[in-house]
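Below is one structure; the comments refer to it alone.
The values are calculated or read from the model by the stated rules, or taken from the named source; none is laboratory data. All figures in this text were calculated on a predicted structure; none of them were measured in a lab. We place every Cβ from the backbone using ideal geometry, glycine too, and count neighbours over all the protein chains shown.
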Amino acid sequence: MQTNIMMELYKFWHQKTPYYGALALLGLMSYSAMTTKVSALQLVFEFGAVQWIVIILIAVGSAFFAMEYQNHTMLLLVYKQVKRRVIYGTKLEVILLYGVLLTVIAMLFTFVLKFLTVGQHYSWLTTQIDHRAMITVLLINVLGTLIYA
């Protein structure tokens, strides 16, 4: 199973699609930060990354699966593997890892955008939303994004 995941990771990262997905996420978050008034809610929802990560995962994941059929390598994988469940399971695990990576990138880029847009106006430790610190709400939203993805 470990060799299957390593093989799928190798194929996944040698495509251009994952890099385009990460760049699209950063671009959409930047666009959201520039076009709207930054508020505490926008900060804890990572400048809309909660919505965009799922859409990017769908696009990148479908391109990843379609690549196997376009290059006719799915037949070879089915021939080598006994169960199709293993083939599709490892591909879904790679997409899940990519979702975790996108979520971490979005959270780090949220800190950068907060610094660039509002500076020290909002503190992550103040209780503004639902009587919780903003960083706590941000981490809850990150966890929700991972579950949703």
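Considering the conditions (1) out of contact with any Asp or Glu (no Cβ under 9 Å at 6 or more places or on another chain); (2) touching a residue at least 40 places away in the same chain (Cβ under 8 Å), Glu8 is excluded by exactly one of them, (1).
Okay, residues lined up against (1) touching a residue at least 24 places away in the same chain (Cβ under 8 Å); (2) of a type in the set (D, E, K, R); (3) farther than 18 Å from Ala24 by Cβ:
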| residue | (1), (2), (3) |
| --- | --- |
| Val38 | yes, no, yes |
| Ile58 | no, no, no |
| Asn71 | no, no, yes |
| Val78 | no, no, yes |
| Lys91 | yes, yes, yes |
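Scanning the stretch 12-37 for residues that are under 14 Å from Ile55 (Cβ atoms) and small (Gly, Ala, Ser) returns Gly21, Ala22, Ala24, Gly27, Ser32. Listed conditions (1) hydroxyl-bearing (Ser, Thr, Tyr); (2) modelled with pLDDT of 80 or more; (3) over 30 Å from Phe115 (Cβ atoms) are all met by Thr36, apart from (3). Scanning the stretch 139-149 for residues that are crowded, with 16+ Cβ neighbours inside 10 Å and either β-branched (Val, Ile, Thr) or at pLDDT 80 or above (or both) yields Asn141, Val142, Thr145. If you go through the stretch 51-87 and pick out every residue that is of a type in the set (Ser, Thr, Tyr) and within 20 Å of the chain's Cα centre (by Cα), you end up with 1. Here Ile87 fulfils each of the conditions (1) under 27 Å from Gly27 (Cβ atoms); (2) at pLDDT 80 or above apart from (1). Does Leu57 meet the test of being in a helix (DSSP H, G or I), touching a Phe, Trp or Tyr at 6+ places or on another chain (Cβ under 8 Å) and at pLDDT 85 or above? Yes: the conditions hold for Leu57. Of all residues in the stretch 29-50, those that are within 30 Å of Tyr88 (Cα to Cα) and either touching a His at 6+ places or on another chain (Cβ under 6 Å) or surrounded by 19 or more Cβ atoms within 10 Å (Cβ to Cβ) (or both) total 1. Can you find a residue in the stretch 67-84 that is exposed (fewer than 12 other Cβ atoms within 10 Å of the Cβ), hydrophobic (A, V, I, L, M, F, W, C), modelled with pLDDT of 85 or more and assigned to a helix (DSSP H, G or I)? No - not one qualifying residue is present in the stretch 67-84. The set of residues from the stretch 7-16 being surrounded by fewer than 18 Cβ atoms within 10 Å (Cβ to Cβ) and closer than 15 Å to Leu57 by Cβ comprises just one member, Gln15. When we screen Ile53, Ile5, Ile58 for residues that are more than 30 Å from Leu113 (Cβ to Cβ) and not hydroxyl-bearing (Ser, Thr, Tyr), the only hit is Ile5. The number of residues in the stretch 89-121 that are under 22 Å from Ala40 (Cβ atoms) and either of a type in the set (D, E, K, R) or crowded, with 20+ Cβ neighbours inside 10 Å (or both) comes to 5.
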